[in-house]
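Peer 1: This is the structure I have questions about; it appears just below.
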Amino acid sequence: LAVATARQTFENSAWSRMKPVERERLLWRFADLIEANAQSLAELECLDNGKTVAVAGAVDIQLAINFLRYMAGWATKIEGSTVEASVPFIPDAQFHGYTRREPVGVVGAIVAWNFPLLLACWKLAPALATGCTVVLKPAEDTPLTALRLGELALEAGYPPGVLNVVPGLGHDAGAALSSHPDVDKLTFTGSTGVGKLIGKAAMEHMTRVTLELGGKSPTIVLEDADPQVAAQGAANAIFFNQGQVCCAGSRLYVHRKLFDNLVADISGIAEGIKIGNGLDPLTEMGPMVSSAQQKRVHGYIEQGRSEGAQVATGGDAFGPGFFMKPTVLVDVNQQSSVVREEIFGPVLVAMPFDNIDEVVRMANDSPYGLGASIWSNNLSEVHRLIPRIKSGSVWVNCHTALDPTLPFGGFKQSGLGREMGSACIEHYTELKSVLMNV
Ligand code: NAD
C-alpha cells in the first residue's frame, strides 16, 4: 500500500508537478519544524535508543537540520549539460544535444537504529530535493522519530503520499520493501550482512541501490602527535554514542614511543565517563540500544579475552539497564576477532606500530573502509599518508566530524555510493540523454 501510494504520488499529484523552488521552500519548512521540535525529538531519541538527550540534540538533530537545509539549496541547482554531437551516419544534420537529471522515482529507505532520525534525513533530504517519493522503514528498535518525522512532513505541507513511514521487522517489512518490483531505488543503512541481502534483492529488478554499511575504522597516532589531544580524540572516536557508530575509531594504532602512555591516558578518560540515564543532563554515556546489543558487545570482549587480549580498562556489562563499561583491549593482533569484526560498542583495541609502512598495512588490513583518522602535526607526513588509506573519509586531528558538504560512504565492504555532499544527487536522479535533429 505504501509503495502504491508513493508511486501514485510520484506519477500524478501536486508533488509531481511542483517547481524546484517550491521543493526548496518545503525542505526549509521541514527543517524549521524539526528545529522547533528539537527538544522533544531529542527526548524521543533518548527514550527509544538510550543515547543522551544532549548528544541527540547537539549531534543527531542539528546535523539533520543542517543537511535538510543544505539539500534544500540543491533543489534549484540540479543541472544537465549541453553537448555538440557529430553523429557520423547523418552527416548533414544539425543537432541539439543535452542531458537532464530526472528524479529516480519511488525510493525505499531502510535505516539502522544508532542515529534513527539523522540516518532517515540523510535519505529524505536528497529524495525530497530531487522530487522523489519515499517509503521509509525505520529500525524495529527505534521507530518513534521516523513516525514523528512523518507528522512533521505533513505539517510542513508535503502532500500526503510523498513520505510514507512503515515500521516493522527487517525480515518482514524490510524484505518486502527491498524486493518490491515497483521501488525504483533502495537506500540502506545497516550491517554489511543485511546490505548484501538488499543488494541481491535489488538486482532482481535492477533497482538502483546505495548501501551505507559497517566499519572498523582505524585511529592512527603518529610519533609527533600531541599526546593529550590524541588521547582525548581517540577516546571520543570510540566512546561517542556508546561506540554504536558506523565509523567509530575502534582500532587504535599508536607509534610505539607513545603507546603505553596513550593507552593509560585513554583508560583514565574511559574511567571518568559518567554512565547513566540519557535523560539526565549530567550523563555522558547512556546504555546500549538493547539487551541483545549489550550481550553481543560483552560476548566480543569475552572472546577477545579467550584469544589472549588483556583488558586495560572496563570489560564489564552491568545493570539495571543495558550498560557497558567503556573498554580498552591490548595485546591483540590483526587476526583477533575483536580487531577484524565490527563490535559496535564502546570497545577499543589498541596496537603499537614502528613505522609508516607498517601502520598503512595494518590500517588497510580490514574488509571495511569507512573512515580513518590521523593524529599528527607533521603536515607532510599526513599528506603523504592520506592517499594510502583505503577509506571513504579521512579525518585529521578529529574523528567522525561530519558535514553536509562532504560526501560520506565506504570503500570495500563498507558500502556502495555516497550520502551527503552534492555527490548524493546522482543517486536520487536518472541521467537522460536527449539528441534532437534540428
Ligand atoms: P541491521 O543491518 O541489522 O538493520 C538495519 C535495518 O535493516 C533495520 O531497519 C532492519 O530492520 C533492516 N533489516 C534487517 N534485516 C533485513 C532484511 N532481511 N531485509 C531488509 N531489511 C532488513 O543493522 P543494525 O544492527 O540496525 O545497525 C548497525 C549496523 O549499521 C552496523 O553495522 C553499522 O556500522 C551500520 N551503520 C552504517 C552507517 C553508515 O553510514 N555506513 C551508519 C549507521 C550504521
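Read the figures in this text as sums done on the coordinates, not as results from a lab. In this text the structure is predicted, and so the values were computed from the model without any measurement. Every residue, glycine as well, gets a Cβ built from its backbone with ideal geometry; the counts of neighbours run over all protein chains shown.
Peer 1: FRET efficiency for GLU43 and LEU1, Cβ-Cβ distance as r, R0 = 35 Å, nearest 0.05? Display every interim value, and only then the final one.
Peer 2: Details: r = 31 Å, r/R0 = 0.88.
Step by step, r from the Cβ atoms, then E = 0.70.
Peer 1: Then there is this: Once the Cα atoms of helix 192-204 and of the chain are each reduced to a long axis, what angle between those two axes, in degrees from 0 to 90 to the nearest 10, is obtained?
Peer 2: Value to nearest ten degrees: 20.
Peer 1: Sticking with this one: Which value in nm describes the separation of the simple spin-label points at GLU302 and LEU282, placed 7 Å from the Cα toward the beta carbon?
Peer 2: Result: 3.3 nm between the two label points.
Peer 1: Starting at the first residue of the range 50-67, write each ³J(HN,Hα) from the Karplus equation 6.51 cos²θ - 1.76 cosθ + 1.60 with θ = phi - 60°, in whole Hz, x for Gly and Pro.
Peer 2: My calculation for the range 50-67 gives x, 5, 6, 4, 4, 5, 4, x, 7, 10, 4, 5, 5, 5, 5, 4, 4, 6 Hz in order.
Peer 1: Related question: With r defined as the distance between the Cβ atoms of THR405 and PHE89 and R0 fixed at 30 Å, what FRET efficiency is calculated, to the nearest 0.05?
Peer 2: Details: r = 45 Å, r/R0 = 1.49.
After rounding, the FRET efficiency stands at 0.10.
Peer 1: So if we plug the beta-carbon distance of LEU147 and LYS196 into 1/(1 + (r/R0)^6) with R0 = 25 Å, what FRET efficiency do we get, rounded to 0.05? Show your work: numbers first, answer last.
Peer 2: On the way: r = 28 Å, r/R0 = 1.13.
After rounding to 0.05, the efficiency reads 0.30.
Peer 1: Can you spot the aspartates and glutamates whose alpha carbon is less than 19 Å from LYS432's alpha carbon? Ignore those fewer than 8 places along the same chain.
Peer 2: Leaving aside aspartates and glutamates fewer than 8 places away in the same chain, those within reach of LYS432 are GLU11, GLU79, GLU84, GLU102, ASP184.
Peer 1: Based on the mean of other beta carbon atoms within 10 Å per residue, what is the order of 121-131, 205-215, 350-360, most packed first? Walk me through the intermediate numbers first.
Peer 2: Numbers: 121-131: 27.3, 205-215: 22.0, 350-360: 17.0.
Averaged packing, sorted descending, gives the order 121-131, 205-215, 350-360.
Peer 1: Need the list of aspartates and glutamates near LYS123 for cross-linking: C-alpha distance under 12 angstrom, and skip anything on the same chain fewer than eight residues off.
Peer 2: The reachable aspartates and glutamates, counting only those whose Cα sits under 12 Å from LYS123, are GLU212, GLU419.
Peer 1: Sticking with this one: Report the charge-dipole magnitude of the chain in Debye, nearest 20, computed about the Cα centre from +1 at each Lys and Arg Cβ and -1 at each Asp and Glu Cβ. Could the numbers behind the result be given before it?
Peer 2: Working: 35 positive and 45 negative charges, 153 e Å.
Value, rounded to 20: 740 debye.
Peer 1: Same structure again: How much of the DSSP beta bridge set in the chain is antiparallel, as a percent to the nearest 5? The partial results should precede the final answer.
Peer 2: Values: 21 of 59 bridges.
Roughly 35 percent of the DSSP beta bridges within the chain come out antiparallel.
Peer 1: Here's something else I'd like to know. Ranked highest first by average number of other Cβ atoms within 10 Å, how do 282-295, 90-103, 409-422 line up? Provide the component values of the computation, followed by the final result.
Peer 2: On the way: 282-295: 19.2, 90-103: 13.1, 409-422: 20.9.
So the peptides 282-295, 90-103, 409-422, ranked by packing, come out 409-422, 282-295, 90-103.
Peer 1: Which residues' amide hydrogens lie under 5 Å from the amide hydrogen of PHE318, considering only partners 5 or more residues apart or on another chain, with H built in the peptide plane?
Peer 2: Those lying under 5 Å, H to H, from PHE318 are PHE323, MET324, LYS325.
Peer 1: So how strong a dipole does the range 167-265 carry about its Cα centre when Lys and Arg Cβ are +1 and Asp and Glu Cβ are -1, to the nearest 20 debye? Don't skip to the end; give the middle numbers.
Peer 2: Values: 8 positive and 10 negative charges, 53 e Å.
Charge dipole, the range 167-265, about its Cα centre: 260 debye, nearest 20.
Peer 1: Is the shape of the chain rounded, prolate or oblate, going by the alpha carbon gyration tensor and its root eigenvalues a ≥ b ≥ c, with a/c under 1.5 for rounded and a/b larger than b/c for prolate? Present the calculation step by step, with values, prior to reporting the outcome.
Peer 2: Values: a/c = 2.11, a/b = 1.51, b/c = 1.39.
Prolate, because a/c is 1.5 or more and a/b exceeds b/c.
Peer 1: So which lysines pass the test for LYS295, namely a Cα distance under 23 Å, with those fewer than 8 places away in the same chain ruled out?
Peer 2: LYS51, LYS216, LYS274, LYS325
Peer 1: What percentages make up the Cα-Cα pair-distance distribution of the range 164-267 when the bins are 5 Å wide from 0?
Peer 2: 2, 12, 17, 15, 10, 8, 9, 8, 8, 7, 3, 0
Peer 1: Return the distance in nm (one decimal) between the two label points of a simple spin-label model at GLU341 and MET436, each offset 7 Å from Cα along Cα→Cβ.
Peer 2: Between GLU341 and MET436, the simple spin-label model gives 6.0 nm.
Peer 1: Angle, helix 256-272 long axis vs. longest principal axis of the chain, Cα atoms, 0 to 90°, nearest 10?
Peer 2: The angle comes out at about 80 degrees.
Peer 1: Okay, next question. Express the relative contact order of the range 184-252 as a whole percentage, based on alpha carbon pairs under 8 Å and six or more residues apart in sequence. Could you put the intermediate results ahead of the total?
Peer 2: Working: 79 pairs, mean separation 22.7, N = 69.
This gives 33 percent for the range 184-252.
Peer 1: Once phi is turned into θ = phi - 60°, what whole-Hz ³J(HN,Hα) does the Karplus curve with 6.51, -1.76 and 1.60 give for every residue of the range 98-113, x standing for Gly and Pro?
Peer 2: 7, 10, 9, 9, 10, x, 5, x, 7, 9, x, 10, 10, 10, 8, 9
Peer 1: So what is the orientation-averaged projected area of the range 348-438, using the convex hull of its C-alpha atoms, in nm²?
Peer 2: Numbers: hull surface 36.8 nm².
Orientation-averaged projected area of the Cα hull: 9.2 nm².
Peer 1: For all pairs of alpha-carbon atoms in the range 137-186, what percent lies in each bin of width 5 Å, listed from the first bin to the last filled one?
Peer 2: 4, 21, 24, 22, 20, 8, 1
Peer 1: So who's got an amide H within less than 5 Å of the one on THR429, skipping anything under 5 residues away but keeping other chains? H placed 1.01 Å off N, in plane.
Peer 2: When sequence neighbours closer than 5 places are left aside, the close amide H contacts are VAL104.
Peer 1: On to the next question. With the calculation restricted to Cα positions, what are the radius of gyration and Dmax of the range 5-64 in angstrom?
Peer 2: 15.6, 42
Peer 1: Follow-up. Pairs of alpha-carbon atoms within less than 8 angstrom and 6+ residues apart define the contacts here; what relative contact order does the range 301-438 have, in percent? Please list the in-between numbers first.
Peer 2: Details: 191 pairs, mean separation 20.4, N = 138.
It rounds to 15 percent for the range 301-438.
Peer 1: Given axes a ≥ b ≥ c from the Cα gyration tensor, I'd like to know whether the range 100-196 is rounded (a/c under 1.5), prolate (a/b larger than b/c) or oblate. Display every interim value, and only then the final one.
Peer 2: Numbers: a/c = 1.66, a/b = 1.17, b/c = 1.42.
The shape class here is oblate.
Peer 1: Got the relative contact order for the chain handy, in percent, Cα pairs under 8 Å and 6 or more residues apart? Working shown, then result.
Peer 2: Numbers: 970 pairs, mean separation 81.9, N = 438.
Computed over the chain, the figure is 19 percent.
Peer 1: If you take the square roots of the eigenvalues of the alpha-carbon gyration tensor of the range 255-306 and sort them as a ≥ b ≥ c, do you get rounded (a/c under 1.5), prolate (a/b over b/c) or oblate?
Peer 2: Oblate, because a/c is 1.5 or more while a/b does not exceed b/c.
Peer 1: Please give the helix 116-130 orientation as an angle from the longest Cα principal axis of the chain, in degrees from 0 to 90, rounded to the nearest 10.
Peer 2: Once rounded, one gets 30 degrees.
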